[in-house]
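Working notes for the structure below.
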Amino acid sequence: MPTPLQLPVRVLVKGASTVNWTSWMSGPRTDFTFPRAIEAQLLSDGRPCEVRTITMPAEKASKLLASWQRENLGFSPDVIVLVYGHQESLHFFLPRWLERHANSPKARPRRLETFYRRRILRPAWMVLARLQARMDRAMNSTMRRKLPRRVAADLEAYIGQVQQVGSPLVFVFELIQPAEKFRSWFPGMAARVEVMNEALAGVVTRIDKPNVRYFRVRELVDKYCDGDLEVATPDGFHFTPAMHRVIGSRLGEQIAEWCDTQPHLARQRSG
């Protein structure tokens, strides 16, 4: 009898640029983000896997429910990793669409468009960003308490829906505060992240299932970067390739432990 093949563990990772960006970019192909590092960890453990990453810079939790059927019903992931709430904690009042317009990577090299971006859009954006920073220092930066509650409600509804598809293991990510040198632009973001993390942890507590977990990132920064956010996120927001590796490896280890409890993912033996 031939040795039966082991069923691969299916992993779905969703989120904004914390998922798909390294600090800094343009490095070698070995600069993995953490979804690829999850794949590497599982394969090194001898576990076949299929990791899908669905991510967009500045993605918000409000987009989750619109796509859950398309992304989950056919693929039926064993594990889902959710990294949401960072974008909603970023700005004090500037809208997401304006930031994406001002910093769009889709800008075309046309004379008129280049003039508009360099002479009008970018200067206007910088004026608004400085005004926002001043207001963020002067006012209660966590006054918009409805926003974390909305993020939590969207995540909770999404997790409730995907639990219908075979009760996957779900990780809800803890968010990291901005590094110190970037807090001048976003002075209230650290406080907003704390409020958002409370809301995210509350989702996991309310669902109260062993297969829905809060993944703590700060303890990894403390262990591997001596708690220094400048080392973990030099550009202020995104993890270094080394930190992505740490996060992906830890997730891979926890996924592997969970797989040992799942009959369909148990290691196969020859007949």
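Of note:
- Note on region 13-140: along the principal axes its Cα atoms extend 54, 37, 28 Å, ordered by decreasing extent.
- Relative to the dominant Cα principal axis of the chain, helix 122-138 is inclined by about 80°.
- Its alpha carbons give region 95-138 an Rg and a Dmax of 12.1, 40 Å.
- In sequence order, region 185-190 has phi-based couplings of 7, 10, x, x, 5, 4 Hz under the Karplus curve 6.51 cos²θ - 1.76 cosθ + 1.60, θ = phi - 60°, and Gly or Pro positions carry x.
- Cα centroid separation - region 195-223 against region 158-192, whole Å: 9
- The structure-derived value of mean projected area of the Cα convex hull in nm² appears in the list (i) 14.9; (ii) 13.8; (iii) 16.7 under the label (iii).
- Under-5 Å amide H pairs with PHE215, H placed in peptide plane, nonlocal only: VAL172, PHE173, GLU174
- Scanning residues 5 or more positions from ILE80 or on other chains, those with amide H under 5 Å from its amide H are LEU12, LEU169, VAL170, PHE171, with H placed 1.01 Å from N in the peptide plane.
- Amide H contacts of VAL51: VAL11, each under 5 Å away and 5 or more positions distant or on a separate chain (H built 1.01 Å from N in the peptide plane; Pro and chain starts excluded).
- Principal-axis tilt of helix 146-162 within the chain, Cα atoms, nearest 10 degrees: 20
- Stretchable slack from GLU194 to ALA138, in nm (0.36 nm times residue separation minus alpha-carbon distance): 18.3 nm
- Couplings 3J(HN,Hα) of region 233-240, computed from phi: 9, x, 7, x, 9, 9, 6, 5 Hz, in residue order, whole Hz [Karplus 6.51 cos²θ - 1.76 cosθ + 1.60, θ = phi - 60°; x for Gly and Pro].
- For peptides 18-30, 111-123, sequence by mean Cβ density within 10 Å, most packed first: 18-30, 111-123
- Dipole magnitude for the chain: about 1420 debye, using +1 per Lys or Arg Cβ and -1 per Asp or Glu Cβ, origin at the Cα centre.
All of the numbers you see were taken from the coordinates with simple rules; none came from a lab. Not measured: the values here are computed from a predicted model. Don't worry about glycine lacking a Cβ; one is built from the backbone with ideal geometry, like all the others, and counts go over all protein chains shown.
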